[in-house]
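This report refers to the structure that appears directly beneath it.
The values are calculated or read from the model by the stated rules, or taken from the named source; none is laboratory data. Remember, predicted model here, so these are calculated numbers, not experimental data. Reconstructed Cβ throughout: ideal geometry from the backbone, glycine too, with neighbour counts over all protein chains shown. SASA here: full protein model, heavy atoms, side chains in, ligands and nucleic acids out. Shrake-Rupley method; radii C 1.70, N 1.55, O 1.52, S 1.80 Å.
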Amino acid sequence: MKVLITGGTGYIGATAVEIMRSLGYEITILDDCSTGHADTVPTGLSFIQGSLLNPTDVAQALAGVEAVVHFAGKSLVGESVEKPDLYHHVNVDGTRILLDQMHQVGVKKIVFSSSAATYGEPTQIPIKESAATAPTNPYGATKLAIDHMLSAESAVRGLAATSLRYFNVAGALHCDRGWLTERHNPETHLIPNVLRSSAENPLKIFGGDWPTPDGTCIRDYVHVIDLIDAHVKALESLASPHHEIYNLGSGDGYSVRQVVAAASTALGYAVPTLDSPRRAGDPAVLIADISKARDGLNWIPTRGIEAMVADTVASFK
Ligand SMILES: NC(=O)c1ccc[n+]([C@@H]2O[C@H](COP(=O)([O-])OP(=O)(O)OC[C@H]3O[C@@H](n4cnc5c(N)ncnc54)[C@H](O)[C@@H]3O)[C@@H](O)[C@H]2O)c1
């Protein structure tokens, strides 16, 4: 099957490219490299360095394609608060252009990177897909708007669509070209930042008085390899015009201090930390209910926090 991977030079997209090509998919990448890295593209792979916002680039990228795996977009919560229009333009308008171009050439299948940020402050843990959606930042609002767009598109234009709502993605993939890992700038994800912590610039722990066993926030992490496995399963199960939403996490929560402890073990020294005040808007606990993905996609994540930390450590060397 020939698949367009948008955002295929980013952290998750480049990992998808590698895993999916090893499974025999024919791949085209569309990426403007605004936060991705062209050096991740395997030699000989079809790569269009262009934007979702440019219909000509998108039409070129869709040539001969049967399905789209759509990772491209802006994904920093803090930046989205400062630049909500940019986030709406790239994520929502960009996806609108992609869907219109897909419709024009008859591409009827899409798997989309949605986010746990669509839920906002949870009222129940673990979070089910049926939970209320009330995003607390513009980034989450753009992901929710796209989920709604996909529902409408499946009803009106016969699209087969799956939204995968990721919790926190971590870990790295080793391939024959070396490690594919997170290279975000700025980096906002906990595990890479724990690994970069130093005595001069210690990792800030935002709040030690949350209602959790060790007082720090609890989050659900999923290994990027397990995450891509779910994408492949979602892609292969797309058939009739329908939009389905699945949470992707591990179904387990780890506190900030547990992640720091796992990193300290992997690194062989105590990661320096600095106790800091709570950040406004941080929920105490976010854990996914992943039973729908387990039952509907036959997906079971197999890598725990130790593997996520160890792989990230190895990939940073
Ligand atoms: N990393 C996580 O924990 C996480 C959690 C939830 C959802 N997501 C979503 O997963 C997707 C991938 O995340 P990531 O961590 O790999 O981010 P990333 O920034 O590494 O990758 C995004 C890619 O999209 C490309 N891109 C941005 N704007 C584009 C445009 N207009 N046209 C073409 N390409 C464009 C970037 O250059 C980059 O390669 C994003 O949609 C993100 O919102 C990520």
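Remarks
- Cα gyration tensor, region 242-317 - rounded (a/c under 1.5), prolate or oblate: oblate
- Of the residues Ser80, Ser130, Ser113, the one that moves most in a GNM of the chain with alpha-carbon contacts below 10 Å is Ser130.
- Computed accessible area, Val81, all protein chains, 1.4 angstrom probe, square angstrom: 90 Å²
- Point-charge dipole on Cβ atoms (K/R +1, D/E -1) for the chain, about Cα centre, debye to 20: 140 debye
- Pairwise label distance in nanometres, Ala239 with Arg96, each label 7 Å out on the Cα-Cβ vector: 3.4 nm
- With helices as the sole contributors, the chain gives -10500 deg cm²/dmol at 222 nm; each DSSP H run of n ≥ 4 counts as -39500 (n - 2.57), and the sum is divided by every residue.
- Compared with the dominant principal axis of the Cα atoms in the chain, helix 11-22 is inclined by about 60°.
- Efficiency of FRET from Cβ geometry, Gln124 and Glu26, R₀ 35 Å, rounded to 0.05: 0.25
- Computed extension gain for Gln49 through Glu306, at 0.36 nm per residue and net of the alpha carbon distance, reaches 89.0 nm.
- Dipole in debye (nearest 20) - region 9-71, about Cα centre, beta carbon charges: Lys, Arg +1; Asp, Glu -1: 60 debye
- Part-to-part distance (alpha-carbon centres) for region 21-68 and region 94-159, which is given in Å: 21 Å
- Modelled label reach - Lys2, point 7 Å along Cα→Cβ, region 10-28 residues with backbone N closer than 19 Å: 17-18, 20-28
- Working note: Debye formula, equal point scatterers on the alpha-carbon atoms of the chain, no solvent; log10 I(q)/I(0) at q = 0.07, 0.12, 0.15 Å⁻¹ is -0.26, -0.79, -1.26.
- Tilt relative to the chain, helix 94-105 - C-alpha long axis, 0 to 90 degrees, to 10: 30 degrees
- At full extension, Asp282 and Glu82 could sit 70.3 nm farther apart than now, given 0.36 nm per residue minus the alpha carbon distance.
- Label zone at Gln258 (point 7 Å along Cα-to-Cβ), backbone N below 15 Å, region 157-193: 168, 191
- Choice from Ala116, Ala16, Ala262 with maximal GNM fluctuation in the chain (Cα, 10 Å cutoff): Ala262
- Gyration tensor verdict on region 210-269 (Cα atoms; rounded if a/c is under 1.5, prolate if a/b is larger than b/c, oblate otherwise): oblate
- Relative contact order (percent, whole number), region 1-69, Cα cutoff 8 Å, 6+ residue spacing: 41 percent
- Cβ-derived FRET efficiency at R0 22 Å, Arg294 paired with Ala132, nearest 0.05: 0.50
- Length-normalised contact order for the chain - Cα pairs under 8 Å, 6+ apart - percent: 18 percent
- A probe of 1.4 angstrom, applied to the heavy atoms of all protein chains, finds Arg165 with accessible area near 10 square angstrom.
- Virtual paramagnetic centre 7 Å along Cα→Cβ of Leu267, amide N under 18 Å, in region 171-203: 171-172, 182-184, 187-203
- Candidates Asp32, Asp214, Asp289, ranked by Gaussian network fluctuation over the chain, Cα under 10 Å, top entry: Asp214
- Extended-chain gain in nm, criterion 0.36 nm per residue less alpha-carbon gap, Thr56 and Leu274: 73.6 nm
- Using only side-chain charges placed at the Cβ, +1 for Lys and Arg and -1 for Asp and Glu, the dipole size of region 12-155 relative to its Cα centre rounds to 280 debye.
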